[in-house]
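Notes to accompany the following structure.
Each reported figure results from applying straightforward, stated rules to the coordinates on display, with no laboratory input. Quantities reported herein were computed from a predicted structural model and do not represent experimental measurements. Heads up, the Cβs are rebuilt from the backbone with ideal geometry, glycines too, and the neighbour counts pull from every protein chain shown.
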């Protein structure tokens, strides 16, 4: 039923000598729950033993006081998952653990490799579908645990990381250290924070640092490896230099609005998207209504730019997640109401501008337009704070099959007609990039321009004539 693309996970890591880190990691993952709701896991170390607990479900479902109490230690990593490469199975939940002699390694991954098949063949694991499992296996096989300086993990990572292609922000640990890595393009975010009582934290988003009281220090740079241990923080560069290409959808949808990217809140960038959208696609209307939650900042910016009143016209059921009850056909037909319900007083007799962050497949949006009309709206004008989503993603979003993307099959006017909207306007790509007030983005899903090589079997995902 999801209209927006699914993301590929949230990662969190802590090295805090004066504390038990399991509760900190729990709260860090809680702040990153929006990045994945399929499974959650935590690995910790007391300096000699790595302990891992993970299961299917939300963070609050997987962990309780009893199993957190069993995760002892002053360093650890955590993960909340949305599957892209690898099936939705317990075996693919993370962190993934491997034993390499006397060294225990655990890894958590945000992103998606583009050379999974080649990596599996090189490791002799042709049946392995999880790119994350292949990464930890490759690292474990390179570890020399006879090194006198006990830095076998970081040496192994320096050797093996250049063989990984695609998107990967990682937190990795052994018994004595936590390592954070971003791929050379920096497709997925990762940031570094300082703990109040000593120690350091790594997180996919700054909002997770805020929740555990860590002070944001900086973003881990594209192509950087950060090692945190008893000696402090060390930075290394295991990759050849490349131009940064952060996924632009972090600004559009993925990141929490209270997180910071490039020194600014995501919320402020989304408001600017709405302001620009209003100038690119003006409309005569009575009320601006956001599609909650991600459409709210853009709708506020649209309202501010036009003077058209902003109002809540849709209420989101905040407790809808995965259900174990198979809905009837009737409920599937009414599926949008599981998540959203209209407020007729806001909509009846009004010319409504409905603001959303993106349209990917179109089915949910079509139901939404019909629902707003049924609630009494006289006109429904759709405004989208990102460009048409036309191309498959191979870097961590679940949109690898272009045939499912409505904008790859239809023109804007055909989409408007299909959705039964009175008008439809998308934010332009230049307008989106300007609203971020930053540079260095991957826009492949919007432009078809891929920063790296894509899988050799790409032809099965891309419509004929698109390339």
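Contact order normalised by length for region 350-410, with contacts defined as Cα pairs under 8 Å and 6 or more residues apart; what percent is it?
Relative contact order, region 350-410: 40 percent.
Taking only Cα atoms, what is the 0 to 90° angle, nearest 10, from helix 266-280's long axis to the longest principal axis of the chain?
Tilt relative to the chain: about 30 degrees.
Across the Cα atoms of region 354-445, what radius of gyration and what greatest pairwise Cα-Cα distance (Dmax) are found, in Å?
Considering region 354-445 through its Cα atoms, Rg and Dmax are 14.1, 44 Å.
Which FRET efficiency, nearest 0.05, do residue 230 and residue 449 yield, Cβ-Cβ r, R0 45 Å?
0.55
Note down the relative contact order for the chain as a percent, whole number, built from C-alpha pairs under 8 angstrom at least six residues apart.
Reported as a whole number, the value is 14 percent.
Taking only the alpha-carbon atoms of region 10-244, what semi-axes of the equivalent ellipsoid follow from 5 times the gyration tensor eigenvalues under a square root, in whole Å, largest first?
23, 20, 18
What is the distance, in nm, between label points placed 7 Å from the Cα along the Cα-to-Cβ direction at residue 243 and at residue 155?
3.7 nm
At residue 279 and residue 66, where each label point lies 7 Å from the Cα along Cα→Cβ, what is the point-to-point distance in nanometres?
5.9 nm
Of all DSSP beta bridges located in region 264-460, what percent are antiparallel, nearest 5?
Antiparallel bridges: around 15 percent, rounded to the nearest 5.
Order 234-244, 155-165, 177-187, 340-350 from most to least packed using the mean count of other Cβ atoms within 10 Å.
So the order, starting with the most tightly packed, is 177-187, 155-165, 340-350, 234-244.
Can you give the angle from 0 to 90° between the axis of helix 363-374 and the longest principal axis of the chain, with both taken from C-alpha atoms, to the nearest 10?
The angle comes out near 40 degrees.
Which label belongs to the value computed from this structure, given these candidates for mean projected area of the Cα convex hull in nm²: [x] 29.8; [y] 36.1; [z] 21.9?
Looking at mean projected area of the Cα convex hull in nm² for this model, the match is [z].
Between residue 409 and residue 144, how high is the FRET efficiency from 1/(1 + (r/R0)^6) when r is the Cβ-Cβ distance and R₀ = 56 Å? Nearest 0.05.
0.60
Could you work out the equivalent-ellipsoid semi-axes for region 264-460, taking the square root of 5 times each eigenvalue of the Cα gyration tensor, largest first, in whole Å?
The answer is 27, 23, 16 Å, longest axis first.
Helix-only mean residue ellipticity at 222 nm, the chain, DSSP H runs n ≥ 4 weighted -39,500 (n - 2.57), per residue, nearest 500. What is it?
-7000 deg cm²/dmol
What percent does the relative contact order of region 94-168 come to when contacts are Cα pairs within less than 8 Å and at least six residues apart?
36 percent
How many percent of DSSP beta bridges within the chain run antiparallel, rounded to 5?
Roughly 80 percent of the beta bridges in the chain run antiparallel, per DSSP.
Determine, for each peptide in 424-432, 408-416, 211-219, the mean count of other beta carbons within 10 angstrom over its residues, then list the peptides with the highest first.
424-432, 211-219, 408-416
On a 0 to 90 degree scale, rounded to 10, what angle separates helix 22-31 from the longest Cα axis of the chain?
20 degrees
Can you sort 271, 188 from fewest to most other Cβ atoms within 10 Å of each residue's own Cβ?
Fewest to most other Cβ atoms nearby, the residues stand as 271, 188.
So if we plug the beta-carbon distance of residue 264 and residue 370 into 1/(1 + (r/R0)^6) with R0 = 30 Å, what FRET efficiency do we get, rounded to 0.05?
FRET efficiency, residue 264 to residue 370: 0.25.
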